[in-house]
Every structure is written in C-alpha cells, then in structure tokens.
Amino acid sequence: MYTQALNTQDSAPVAKSDPQADSRFQARVDAEEKIEPNDAMPEAYRRTLTRQIAQHAHSEIVGMLPEGNWITRAPSLKRKAALLAKVQDEGGHGAYLYAAAETLGTSREQMEEQLLSGAAKYSSIFNYPTLTWADIGIVGWLVDGAAIMNQIPLCRCSYGPYARAMVRVCKEESFHQRQGYEIMIALCKGTPAQKQMAQEALNRWWWPVLMMFGPPDKDSLHTESAMRWKIKRFTNDELRQKFVDATVPQGHFLGLTFPDPALKFDTTTQHWNYGEIDWAEFKRVVAGDGPCNRQRMKQMRAKHTDNAWVREAANAYANKRRQRAAAMPIAAE
Amino acid sequence: MTDTPLLQYTLRLADTALVLGHRLSEWVGHSPVIEEDLAFGNMGLDLIGQARSLYSYAGEIEGKGRDEDALAYLRDAPEYRNILLVEQPNGDFAATMVRQLLYAAFAHPYFEALARSKDATLAAIAAKAVKEMAYHLRHSAEWSIRLGDGTEESHQRTQASLDELWPYTAETFETDQVERALIEAGVAIDPASLRATWDKTLDHVLSEATLERPHDGYMQSGGRIGHHSEHLGHILSELQFLQRAYPGATW
C-alpha cells in the first residue's frame, strides 16, 4: 500500500550540497541509471527516499490492523485463508521495505521508533475503520487498486532497492486487488442485504481512497524535486485520474453507485470527471483526527510495549549463546 | 450419536486443526516482531489448510451434502470435537508458543504415522501435514528455549504457561471406542504409541529451555466428545458470525 508519502515537509537543515556532485548525480538520473546504496547521492535525495520508503513500510504494517480486524470473522474458510495470506503479505512488504530503507542508513528500529513517537506518518487511509465484511472487499479492490496505480511507476524509481522492492510488491498487490474485487462480485451477486453492505462500504471509502493520491498538484510541496530525481513519474492528479478512469467502469459492472453526483464521463477528454474532494477532511485525518488514528497508534504502541519482554528475552538468549560459544574452546583446552 | 467412527474421527482432526489455526490467526498484526506475524500467518494457514481438506473429506464420508463451510460454520460448540488444549486462549507470546510446542510435539509424529494409514485420503492429508508440523515444532521449540533461557521474566512467564497448559496434555493420548475400531483396522493411529516420542521431545526442549516439567496431576479431558471449556463458544461466535447473521448467503 502506498501513502501520501511526500506531503510532510522536511524542515531539518540539509548539509550544504556540492553543485558538481549534484549535477553528476542528476546526469545519472537523467540517463535512467539506477542509484545504488553505496553511490554518491545528495543528502536531500537520501532523506526524501528514506522518509518515503519508511512511510510506505509503516503503511504496510499499520494496514495489517484494519484488515486483520476481519481474519477471525471471515465468512468462509476459503476467504479466511485468503485474508490471512493477504495480511501476511502486507507484513512481508513491510519487512522488505524496511530493509530497502535501511540501505540508506537508517535502521528498522529507528524507523519504528519514529512511527511510535508519531514523528513518521503512515497512509491515512488506514485511519478509517473496517466495519463490515464488504470493507475487506473494498480495501482490496480500491485501496490496493490505488496503491498499484501509485506503485507501478515506482518500479522505475531511480533508487535501485526501492524499484526492485516495488516490482515484487506490485505483483502481490495486483493479486490482492483481484481478490478484493472478487469479494465485491460475490456480495453484489448475493442477497439484497449483501448488496447493500457492498454499496455502503463504497459510500464510506470512495472519497478517502481518492485522497490516497495526495493533495492536488497545485498544493503539492514535493512534486517538483521528486519528479526531477525520478522518484515520482506522475503527479498526484494524473494518478488520481488514471485510477478514477480505471475504477468507475468496474463499479458500474458491479451495479454499484458512486457517492459523487458530479461523476460524469467527458466524451471529449475521454476521462471521468469527478466532484470536489473534501481536502479539509484529508488534512484533518492526516493531522490525527480521523476515526481511528488514536486507536491505530494505541494498538501499535501496545504491541511494542506489551511484547518488549519477548525482544529482551531473545537478545538475552542470543548473548548467552555467544558467551557460551566463546567459552567453549577454553573449556576444551 | 449416529455418526460413523470414520466421520467422527475425521471431524476431531479437522476441528483441532481449525481451532488452533484460528487461535494463531488472532496474532497476525499484533506479534512482537514482524517476522512473527509472518510465522503466525504461515502456521495458521497450514492448520486452516489441513482443516479444509479434512472437512471436505468428512463431508464426503457423511454424504449429506455438507461442505467444509457447513461443517465449520454451522455446528455449535457441543458438536465440535477438538481437543481442549487448542482452544485455550493465546495469553502472552510464551503461552502461545508453549501451547504450540505441546501440540506440535504430538502432531508431528502423529501425522507421520497417519501418513501410513490404510485410508488413502487421510494418508495423503497427513503426508502433507507432517512437513508443516515439523516446522511448527521447530519454531515453537526454538522460541520455548529462547524464552525459557532468556531473561528472568521470560523464564517465569514460560514456566507459568507450561504449568497452566499441562493439564490439557493427556487428552491427546486418550483413545475411546470411536477410535479403537479404526486403530485396529489400520485407519487411525493409536496415540498412546506416540507417548514416548512426545516425552522425549518435550524433555529435550524443556531441559534446553531450563524449564521444569510439571507433575502430572488431574488431567482435563472431554473435547473429543463435545465437552469443552468456556473458550470455544467465544471462538465460534466470532468465527461463525457472518454465516449465522446472514443465513444462506454465499460469500
């Protein structure tokens, strides 16, 4: 899952850059060369990427909570196994992305610390609750669908480890998206109560999903440098439009109505026009006042604190083993 | 009870796998480290997979058109036939790992033996499960050792879990009339024949973990005839919620 990665501004001072080195770097990026962990790179590039990849990793991990919310209540054994496997995949993406971010010099522990202290963000979409089983369908179909729109271009990101991570993540996400859509098909072909469940889930999630692409281009702070560095290939609005164009016919196929009276196909541009997004809501949720922000952070902190003794035990045991191994040759003498 | 012994036996295996798989799935997203979320996911999927194969077979044996979901979602607690050990709450990470160790140390040799069953379907399901249970045993044994021989706190927690779960360990080795005929026919496995293997595995792990093997006091039993602890009803109320709230719907 992707996040409005570049919405928070980095206010920390950046070390003075070397213009010659910077232009050598830019030339490599322009030539579509991949930047690798030991290569020279501007400090701002390193920071931007670290923040983006870490935020992406955090989103995968926090995203396990709203979906995990339904593992124990999935309506059939097949769905239960599929959801369990899906949430497990998200955990795998998180681990994989933390490893990619670590190549830029920040440890997973530091990144986790930043998440728990609230210094780092995760995708705001996970601050919305999963209230019915249909939400699990919607999260797969729309949230993962939006994530794929965002992530496909990231497979060509200038930073090698991130780009490679994205190739693998995208494959799994597109499987999740199909799975989610299949849940929606089952609901929409089901009883009137199931269809209603599907419609209500779409009503709740549609606008927040559109917000996943981040603020409109005119208000986006980081787009320009991120585009120049080929971290980003398309603007927020371009990706949002692509998503709407791809998704609306899928929703109509399901027989669902989008909660946007302004949604209309423009025969001249061949795009779906959509109504005004409530950016005040977006800002409010990013700032911490979404329906589940406090709950998610509480859950994340609780699992960290409640299980601290497990990590301590694992470290203590590893130390004992090292000491015993070190003592062995002496004992043998 | 008019079910045939083979049906009852298959349901016992299926219910045990499902209930433990469900318990492990409760951890996903809440584990001490991401790697354990992944491990719980793996183990949960193994067990739910075993349950699905066993339920499908049970449905065939029964011949009344009940599929895996009808059997898992539409039977109430007294009809469930799992052993009591697996329905015990997750508790802390130590309790979950000890429960897994106690079960896997039994299930691994059990499925190894069942893979030679004269019932070809059970043999095939067991042959797959034995590989999975080898991993469950290794993983839970490693963690039990790490926690037992870790810090004072982790040692105490692990010992306490072991003491608490110990009364549920004898049920696994019991046989009743249902199974006796199947054992004689070479279909089911006599669990008592695996007791020595289980003891040996446990003693080895507990000694490495610096944990004390609890004394065999009164042992709890009854899951396999539908006499459960209070916990199972709560598991089923979650597991079966949608099927019960929307009867007849297809998901």
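The values are calculated or read from the model by the stated rules, or taken from the named source; none is laboratory data. Please read these numbers as outputs of a predicted model, since none were measured by experiment. Don't worry about glycine lacking a Cβ; one is built from the backbone with ideal geometry, like all the others, and counts go over all protein chains shown.
Among the residues of segment A:44-65, is there at least one that is within 12 Å of another protein chain (Cβ to nearest Cβ), farther than 28 Å from A:Pro215 by Cα and modelled with pLDDT of 95 or more? Steps first, answer last, please.
Our first condition is that a residue be within 12 Å of another protein chain (Cβ to nearest Cβ); within segment A:44-65, this holds for A:57-58, A:60-65.
Filter once more, keeping what is farther than 28 Å from A:Pro215 by Cα: none.
The answer is no, given that none of the residues of segment A:44-65 is within 12 Å of another protein chain (Cβ to nearest Cβ), farther than 28 Å from A:Pro215 by Cα and modelled with pLDDT of 95 or more.
I need a count of the residues in segment B:218-229 that are in a loop (DSSP other than H, G, I, E, B) and under 19 Å from the mean Cα position of the chain (by Cα).
Narrowing segment B:218-229 to residues in a loop (DSSP other than H, G, I, E, B): B:218-222, B:226-229.
Adding the requirement that they be under 19 Å from the mean Cα position of the chain (by Cα) leaves B:219-222, B:226-229.
Number of matching residues: 8.
Only one of (1) closer than 18 Å to B:Ile125 by Cβ; (2) surrounded by 24 or more Cβ atoms within 10 Å (Cβ to Cβ); (3) aromatic (Phe, Trp, Tyr) fails for B:Phe40. Which number is that?
So the condition that B:Phe40 fails would be (1).
Looking at B:Val98, B:Val19, B:Val28, B:Val33, which is the one that is under 16 Å from B:His231 (Cα atoms) and among the β-branched types (Val, Ile, Thr)?
On the way: B:Val98 fails: under 16 Å from B:His231 (Cα atoms); B:Val28 fails: under 16 Å from B:His231 (Cα atoms); B:Val33 fails: under 16 Å from B:His231 (Cα atoms).
Result of the check over B:Val98, B:Val19, B:Val28, B:Val33: B:Val19.
Since B:Pro89 meets every condition but one in (1) within 21 Å of B:Ser161 (Cα to Cα); (2) assigned to a helix (DSSP H, G or I), which condition does it not meet?
In the conditions (1) within 21 Å of B:Ser161 (Cα to Cα); (2) assigned to a helix (DSSP H, G or I), B:Pro89 misses (2) alone.
Can you tell me which residue within segment B:145-179, out of those that are closer than 30 Å to B:Ile225 by Cβ and within 14 Å of chain A (Cβ to nearest Cβ), is surrounded by the fewest Cβ atoms within 10 Å (Cβ to Cβ)? Talk me through it step by step, then tell me what you get.
The first filter runs over segment B:145-179 and keeps only residues closer than 30 Å to B:Ile225 by Cβ, leaving B:160-179.
Then drop every residue that is not within 14 Å of chain A (Cβ to nearest Cβ), which leaves B:160-161.
Working: B:Ala160: 15, B:Ser161: 25.
Filtering segment B:145-179 for residues that are closer than 30 Å to B:Ile225 by Cβ and within 14 Å of chain A (Cβ to nearest Cβ), the one surrounded by the fewest Cβ atoms within 10 Å (Cβ to Cβ) comes out as B:Ala160.
Given the conditions (1) more than 9 Å from chain B (Cβ to nearest Cβ); (2) surrounded by fewer than 19 Cβ atoms within 10 Å (Cβ to Cβ); (3) farther than 17 Å from A:Met300 by Cα, and given that A:Gln110 satisfies all but one, which numbered condition is not satisfied?
All conditions are met except number (3).
State which residue is surrounded by the fewest Cβ atoms within 10 Å (Cβ to Cβ) when the search covers only segment B:180-190 and only residues that are among the β-branched types (Val, Ile, Thr) and touching a residue at least 60 places away in the same chain (Cβ under 8 Å).
First, pick out the residues of segment B:180-190 that are among the β-branched types (Val, Ile, Thr): B:183, B:187, B:189.
Adding the requirement that they be touching a residue at least 60 places away in the same chain (Cβ under 8 Å) leaves B:187, B:189.
Numbers: B:Val187: 19, B:Ile189: 23.
Only one residue tops the list, namely B:Val187.
Look through segment B:191-212, keep the residues that are surrounded by 13 or more Cβ atoms within 10 Å (Cβ to Cβ) and of a type in the set (Gly, Ala, Ser), and return whichever of them is nearest to B:Ala170 (Cα to Cα).
Start the filter on segment B:191-212 by keeping residues that are surrounded by 13 or more Cβ atoms within 10 Å (Cβ to Cβ), which leaves B:191, B:193-195, B:197-198, B:201-202, B:204-211.
Then drop every residue that is not of a type in the set (Gly, Ala, Ser), which leaves B:193, B:207, B:209.
Working: B:Ser193: 13, B:Ser207: 20, B:Ala209: 22 Å.
By that ranking, first place goes to B:Ser193.
For segment A:149-197, enumerate the residues that are more than 23 Å from A:Thr235 (Cβ to Cβ), more than 14 Å from every other protein chain (Cβ to nearest Cβ) and of a type in the set (Lys, Arg).
Once the filter is applied, which keeps residues that are more than 23 Å from A:Thr235 (Cβ to Cβ), more than 14 Å from every other protein chain (Cβ to nearest Cβ) and of a type in the set (Lys, Arg), segment A:149-197 yields A:Arg164, A:Arg168, A:Lys171, A:Arg178.
For segment B:84-100, name all the residues that are more than 13 Å from chain A (Cβ to nearest Cβ) and of a type in the set (Asp, Glu).
Passing the criteria: only B:Glu87.
Filter segment B:131-144 down to the residues that are touching a residue at least 60 places away in the same chain (Cβ under 8 Å) and surrounded by fewer than 24 Cβ atoms within 10 Å (Cβ to Cβ), then identify the one that is farthest from the other protein chains (Cβ to nearest Cβ).
Looking at residues that are touching a residue at least 60 places away in the same chain (Cβ under 8 Å) and surrounded by fewer than 24 Cβ atoms within 10 Å (Cβ to Cβ), I get B:Leu137.
May I ask you to list the residues in segment B:119-129 that are under 29 Å from B:Leu162 (Cα atoms) and crowded, with 18+ Cβ neighbours inside 10 Å?
B:Ala126, B:Ala129
Is it the case, given these coordinates, that B:Val187 is at pLDDT below 95, away from chain A (no Cβ under 14 Å) and either over 30 Å from A:Arg321 (Cα atoms) or touching a Ser or Thr at 6+ places or on another chain (Cβ under 9 Å) (or both)? Walk me through it before giving the result.
On the way: at pLDDT below 95: no; away from chain A (no Cβ under 14 Å): yes; either over 30 Å from A:Arg321 (Cα atoms) or touching a Ser or Thr at 6+ places or on another chain (Cβ under 9 Å) (or both): yes.
Taking the combined requirement at face value, the residue does not satisfy it.
Could you tell me which numbered condition A:Asp245 fails, if it satisfies all but one of (1) assigned to a helix (DSSP H, G or I); (2) without any contact (Cβ under 8 Å) to a residue 24 or more places away in the chain; (3) away from chain B (no Cβ under 14 Å)?
(2)
Sort through B:Leu242, B:Leu182, B:Leu232 and tell me the only one that's assigned to a helix (DSSP H, G or I), away from chain A (no Cβ under 14 Å) and either of a type outside the set (D, E, K, R) or closer than 20 Å to B:Leu7 by Cβ (or both). Even if it seems obvious, please write down each step before you answer.
Working: B:Leu242 fails: away from chain A (no Cβ under 14 Å); B:Leu232 fails: away from chain A (no Cβ under 14 Å).
None of the others qualify; the one that does is B:Leu182.
Check A:Pro75 against each of (1) buried (at least 23 other Cβ atoms within 10 Å of the Cβ); (2) more than 9 Å from chain B (Cβ to nearest Cβ) and name the one condition it does not meet.
(2)
Of the conditions (1) of a type in the set (S, T, N, Q); (2) facing another protein chain (nearest Cβ under 10 Å); (3) more than 19 Å from the chain's Cα centre (by Cα), B:Ser25 clears all except one; give me its number.
Exception for B:Ser25: condition (3).
Among residues belonging to segment B:31-83 that are touching an Asp or Glu at 6+ places or on another chain (Cβ under 6 Å) and of a type in the set (Phe, Trp, Tyr), point out the one that is nearest to the other protein chains (Cβ to nearest Cβ). If you could, list the steps in order and put the result at the bottom.
Step one: filter segment B:31-83 for residues touching an Asp or Glu at 6+ places or on another chain (Cβ under 6 Å), giving B:31, B:46, B:52, B:55-56, B:59, B:80-83.
Remaining after also requiring of a type in the set (Phe, Trp, Tyr): B:55, B:80.
Details: B:Tyr55: 7, B:Tyr80: 15 Å.
The selected residue is B:Tyr55.
State all residues of segment A:96-140 that are assigned to a helix (DSSP H, G or I), over 17 Å from B:Ile34 (Cβ atoms) and either under 14 Å from the mean Cα position of the chain (by Cα) or in contact (Cβ under 8 Å) with a residue 12 or more places away in the chain (or both); if no residue qualifies, say none.
Going residue by residue through segment A:96-140, those that are assigned to a helix (DSSP H, G or I) are A:96-102, A:108-117, A:124-127, A:133-140.
Right, trim to over 17 Å from B:Ile34 (Cβ atoms) and you get A:117, A:124-125, A:127, A:133-140.
A:Ser124, A:Ile125, A:Asn127, A:Trp133, A:Ala134, A:Asp135, A:Ile136, A:Gly137, A:Ile138, A:Val139, A:Gly140, listed by residue number.
Could you list all residues from segment B:206-217 that are within 14 Å of chain A (Cβ to nearest Cβ) and part of a helix (DSSP H, G or I)?
Of segment B:206-217, the ones within 14 Å of chain A (Cβ to nearest Cβ) are B:208-211.
Selection gives B:Glu208 alone.
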